[in-house]
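Trainee: Pasting in a structure now, in structure tokens, and then I'll have a few things to ask.
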Amino acid sequence: MDDGQKRALFLHVAGMAVQEIYFTLADAESATFEETVKVLDDYYQRRTFLLRDICFNKLCRKVKKPLIS
């Protein structure tokens with residue numbers, strides 16, 4: 001299986017939501033399979049950190065303690 005087929009199969013199995021994210025972030029025509037995985041991995045890592053920060057801030061507000069004392 002060549003690189004283009006691997007990329008197409010990966011995106012197909014991942015689903016439409018992942019495809020939409022990928023096509024807005026990457027140059028789809030010239031991307032290799034490894035570049036495709038890296039683009040999506042970077043996107044989801046950033047999103048995970050953002051969600052952790054949001055949850056932490058909400059927790060701090062519930063406890064009503066300042067972040068820095």
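Trainee: To the nearest 10 square angstrom, how much accessible area does Arg47 have with a 1.4 angstrom probe?
Mentor: Rounded to the nearest 10, that gives 110 Å².
Trainee: Could you tell me the convex hull volume per residue, in Å³, taken over the Cα atoms of the range 4-44?
Mentor: 58
Trainee: Between Glu20 and Lys58, what's the calculated FRET efficiency when r is the beta-carbon distance and R0 is 22 Å? Round to 0.05. Let's see the in-between values first.
Mentor: On the way: r = 28 Å, r/R0 = 1.25.
With R0 = 22 Å, the Cβ-Cβ based efficiency is 0.20.
Trainee: Give the residue list of GluC sites (Glu not before Pro) in the range 1-44 that are DSSP loop and have at most 13 other beta-carbon atoms within 10 angstrom.
Mentor: Listed in order of number, the matching sites are Glu29.
The values are calculated or read from the model by the stated rules, or taken from the named source; none is laboratory data. This structure is a prediction, so every number in the text was calculated from the model and none was measured. All Cβ positions, glycine included, derive from the backbone under ideal geometry; neighbour counts span all protein chains shown. Protein only, heavy atoms only, side chains kept; ligands, DNA and RNA dropped before computing areas. Shrake-Rupley method; radii C 1.70, N 1.55, O 1.52, S 1.80 Å.
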